Every structure is written in C-alpha cells, then in structure tokens.
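What follows is a short report on a single structure.
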Amino acid sequence: MVAPSFVGNARVSNMRRGYIYQLEVVPKPSPTMRFLVPILSASLAAAQFVSQTPLSSDIFHDDPVRDDFYEFKWPIRKIAIIGAGPGGLISYREFVQAGFEVRLFERDDIPGGNWHYSEEVPLDAPVPNADPSVGDFVPSLPPKGANLPYTEEYVDEDATILLDRRRNHREPKPVWASLKSNAPSPHQQIRETPWPEGTPWSLPHQTLQRYVRAFASWHGVNTNDNNPNVSYSTRVELIDKQFRDGQHVGWTLTLKRFVQTGDRTSKATWWTEDFDAVVVATGRYNAPNIPNIDGLAAWAAQFPGSIQHSRQYRRPEPFLNKTVLVVGAGTSGGEIARDLNFHARKVYLSTRPDNSTVPHFPREAQLGRVPENTTFIGEIKRFHPTSDISTGKVELSNGTIITGIDHIVFSTGFKYSFPFLRQYHDSSLGPNDRAPPGIPQPIVTDGTHLRSLHLDVFYIEEPTIGFININVGMQSFSYAEFTSLALAKVWSNKAKIPNTLTLWRLHEERTREQGGYGRHFQFLGAKRNREKIRFFVAWLNDAALRYGGRQIDAAPANDEILAIWAAARYGDAHISELSDSSFALLTAEEKADRIIDIIFSDDW
C-alpha cells in the first residue's frame, strides 16, 4: 500500500475533456521505463475493446430469477451497519437514500476504518493463532441475568490497565507512519466526492484519513455531528436471531459502548437493539495470522517482545542497528522490509514458494521494490530458542541455519473473523467439508476464506445478512458502491435474487470452477472485478427499469494513469519481469489485467 517517493509530486487535473497528466520533479526515467509506458497504456486501452467473456456462474442470474425469486420472511425497514470505514459509510449513504431506517455502529471513536492511524500499538498477536471465531476479539458480555442497559464504571485504574481496556475494545489499525496508498488518487476515491483538482497521485495515510472523515461529515455521520443514528466507541458483541411467536423475524444485536471518562476512569455500557437486516462492513484486517511453525511458541515465550505482527509495526527507529527477520512476501512484508532498510543493521526477508495454481496476486512485483541489500531467505522450518536470543537459531527448509536475530516481524496477513456471528463459524470443517444436514452452513471455517455467500455479498442461508468489501484484488472505495446498492435494492424489493436452491447451485458451481475453497477464494483481480461490476451494472439497472430506483454507471477506466503509475511504482526490476517473452505472448487484455492486479495488491 505504499507509493514510491519519486511519484509524490505527480498531479492530476480534472479538465472538461478528461484528464491531463503531469509528472513533476521526478528523476530522469530509465530507457526501459520510457519504453514501457506506451506499451502498458496501449495494453490497458486495448483491453477495453476485446470481446467480452461470458460471466462465470457465480455472478449470473438466469431467467427464473424473474419468476422464482427469493421471498423474504419479514419486511425489511431497519438496518444495522457494522463498521464506519469506506464500505460502511458508503453503505450508510445508499440505505439512507433508499429510505431505510439506519443505525451505524463503529467500535473506534472516529470514522475511517483502516485509514485511522494511531501511535498506539495493538496487543500482541497470540502464538499460535486463536480460533477464527475469536480471532478478532472475544465477545464481552454483561453478567448473566443483568437488566439491560447495564453499566460498569472503572475508577482509579493504572494507565496500563486503562490502555489495555481500550485496546481490547478496539485494536489500533494496521497502519504504519510512512504508509501510502498503493493506488493513484484518481483510482482511490468515492465517485460522489472526487479529489480536488491538483491532488497528488501519491496519497499518505493522513490524507486518506481526512478524505474518509470528510465523506462522513458530508453525510452527517462524523463523530462531532452527534447523529443519533450513529454510535461510535460501540462494538457489536453478538448477533442473534429475533423470534416472535416462534417465528424468526429479524436480528437482535448485543452492543457494548466503552468510553474513557477521565485520566484514570472509564465506563462500559451494554444494551440490545433489534433490526430487520445487518450489513457487515468490518473489513479484512482484524484477526492477525501467525503461521504455526515448530518452535515459534517456545521462542515467543523465551524472548518476550521479540515477535510482532505487521499490524503492530509503526516506525523503523526502534529497530536501529538491529537484525530483523521479516516473514512474508506480501504487500506489508515487502514494504516493511523497505521501510526498515535505512535503520536496521540487517534485514532478512523470508519467502516461501508460491505454488498456487488459482488466480491470485503476482507477488514477484512486490519483491522488485525491496532494496537490493535485503537478504532473501527461503521458508522457515523450525525455530530453536536458546538461553539468549543472540544464539537462537532459525532453521530454513533447505537446512540453512541463521543466528543473531533480534526481532521478528510476521507480515503473514490476516484471517477472516466475525466473533459476533459465532454461530456461523466452524473451524472443525476441512477445506471442502460441509456442515451436516440441519445445521446452518458456516461462513467462516479456517479463516482463510469465506463461503456460503452469493456474490460474496448475501449469506445464502439468511440473505438478511450482507457483507461489504470482503474481497481482495479490488478497489474498495469504488467496489462498495455496487455491492451496497445491490443490498439496498434487494432488501427494498427493487431487485431480486434467486431462490435458495438456485443460490446454492450457483455457489457450488462457482466453488468447482475455482478449484474448491482456499485462501484465494475471495480474490477478484482485474478480470473478475470487471465481470462483477459489469454484472452489477446490468442487473441493477435492469431492476431499476422494472421496479424503480436509481441506476448506476460503471467506474471509469483511467487507463493512462494506471500505465504511468505502474511504470513509476515498480521501476526497472518490475519492467524487466514484465518485458520478457512470456509477457509478449499475452493478449492485450491479459497484459492489462496483470498490470492492474499488481497495482491493486492489497495482500497484507
């Protein structure tokens, strides 16, 4: 998610006839870069005119949806939205405009989601991993039998205890001080509120945080708007079925609000509210994943404070003159290794072979951004802690032994986790197992993927639960507009989804086509992203003609911007990789898709 400093002054002017691009104060481009920009630009442009491939089955609504569609069991009027990041805020806008009664819950004290930077460091990630059902947090409930609302006040507490209470309620986000967006500003914006003319393409996290908060203010849901329909510092602890006369008629949310009331005092209040439908917009970066490597738990116990997850990383200064092992070659691993380079004495970057045969991020592009003096090593087989960390051994799969490690940063991503939906987690199931008959099919199993969702939006068993921005390989600021509008239209009866049997058939066909469930199951990438947006536009606009409601336009391509950005961001190392003979054999669409997949790599 980090843009290179040498495009920090790239600016875009939004003119009447389109975009004018101007790069200012950049180093002299290499011959390869000058060669590549027109190639990338032509590839991206040509991709817009190639023949369209058929939509895959998971996003195709066949004709019976017009007659044999899903019928909701109760009227849907009152909506709960969980999360006030870009996806939750866009969802709030769509549901309010559609006439719903909407409540927005956010456990942080301001909007912004992942773009709320804090110098506070999250708590240590458990080693080994917690079960995904509690990977994000362990639900905090009032005493059994307590009358609600129920309040507890905490007085004269030590500052450390108060800090831990606050972090337990809402962990600080996985953003470090120097982090910037991995996409240029014309691509990372909400269409309703485009960036002002002259905005640099390179966006520091502070700028993105202000942008998201400005969008919240525009819709009257920022912290200081005192909107009675918005509850900040409020975490959803549980979502349970609401029954009336033995019939399921909605959802009951158990809520907890935690606020600091003084230097040494705080207060927690629990209550419940009932809703007809729930939007989950809590994001994908909440439950840290640390792989289960032999000896790691013993290393963590022997050397407290030596291991951290990438979500805890803030600045390189604490690692001055230290030897640091960064584990993981995704976006965060490569960028943290890059950030550490001028401070640490030595940086090791551990990567493992990428043998996946299903579509996913091309990770070699990220490695091309890592400084040359970083030492690349292979997969770790075992940790051998000793009495002193300086003599502790890290054994690689090829038998190599490394010693002298001072700190380890696991940039190994996150797992899906929704503790408030504990009834739809089941970690006992294997990769492609199903729950027995009579038991709801789970949404989360091992945390590497989500299942049982139509369009990765509607929970098939209970379509009054919807999800926003749970895919990878897409632009969340724009994609949320299509998925939230789909939820609003379907729940207002202004668009239809197939009946339950058809939804399961479509989902099973999709699962077979993608080779079964796995860690890349939610990956879209350029091709699937294009297919899905094309589907959403056609489906929702056709529904608008049939049932009323607003129509939606597809997102602009901004092809030349992507071409310039790709060349500038990845430089000669990536250009050489793209310019080999295999790249030349790709079609224009395949070349464009590969470029976009690299740019939108959000595999933290």
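Only the coordinates and a few stated rules stand behind these numbers; no lab work does. As the structure is a prediction and not an experimental result, all values here were calculated from the model. Note that each Cβ is placed from the backbone with ideal geometry, even for glycine, and that neighbours are counted across all protein chains shown.
A compact table of results
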| read-out | value |
| --- | --- |
| Percent of beta bridges antiparallel (DSSP, segment 290-412, rounded to nearest 5) | 30 |
| Potential extension, Leu320-Asp274 segment - 0.36 nm per residue separation minus Cα distance | 11.4 nm |
| Efficiency of FRET from Cβ geometry, Asn292 and Ala538, R₀ 45 Å, rounded to 0.05 | 0.50 |
| Most to least packed among 256-266, 477-487 [average Cβ atoms within 10 Å] | 477-487, 256-266 |
| Scattering profile of segment 373-523 at q = 0.14 Å⁻¹ [log10 I(q)/I(0), Debye over alpha-carbon scatterers] | -0.81 |
| Estimated FRET transfer efficiency when R0 is 35 angstrom, pair Glu71-Thr511 (beta carbons, to 0.05) | 0.90 |
| Residues with amide H under 5 Å from that of Arg382, placed H, sequence gap 5 or more | Glu395 |
| Cα-projected label distance for Asn226 with Ala159, points at 7 Å along beta-carbon direction, nm | 3.1 |
| Segment 215-333, Cα convex hull volume normalised per residue, Å³ | 251 |
| Gained length - Gln302 relative to Trp504, 0.36 nm times residue gap less alpha-carbon distance | 67.9 nm |
| Gain on full stretching of the segment that runs from Ala557 to Ala177 - 0.36 nm per residue minus C-alpha separation | 133.8 nm |
